[in-house]
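The values are calculated or read from the model by the stated rules, or taken from the named source; none is laboratory data. Predicted model, so just to flag it, every value in this text is computed and none were measured. Cβ sites come from the backbone with ideal geometry, for glycine too, and all protein chains shown count toward neighbours.
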Amino acid sequence: MTATDTPAAASARGGRRGPLFAVLLLAGLAIVLAGVFPFRQLIAQERLVDNTRAKLDALVVENELIQEQITAVQSPSELERIAREQYGMAEPGETTYVVELEGGPSADGVPITPQTVDQRSPLEKLWDFLTGRDLVPDG
């Protein structure tokens, strides 16, 4: 404030600085936000690429294992083992036996399984129903 300025003139100049300061503040905020949102998208896309690469690596390993299984199945001894174990086949002149263990298939062909008792409280069952956890098993 100079000697020639009156208090009214000084307050008028200060009154003009308020809106200017607000406009500059909003412009600065807009610039910051314009930089933040693309940065968030960039990070999200990098995470997506990392997840996709991890899935690709897992699929490559699985593919190699399947190729090894294909190679193993093409051998006559492996084909014979699979035919005996999974299909109950036997060489001509051999006799096969089937042993039924307790808890095996019943007379109607439906396997007998022991029943488990649900020990959750009714509130836990309700919560699982509301959240959909009863539709998707844990694990």
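Within segment 70-117, the residues that satisfy the criterion of being at pLDDT 80 or above and either under 30 Å from residue 128 (Cα atoms) or among the hydroxyl-bearing types (Ser, Thr, Tyr) (or both) are 71, 75, 77, 87, 95, 96, 97. Pull out all pairs, ordered by first then second residue, where Cβ-Cβ is under 7 Å, the residues are six or more apart or on different chains, the first lies in segment 89-109 and is more than 17 Å from residue 79 (Cβ to Cβ) and of a type outside the set (A, V, I, L, M), and the second is at pLDDT 75 or above and assigned to a loop (DSSP other than H, G, I, E, B). Pairs found: 96/88; 96/90.
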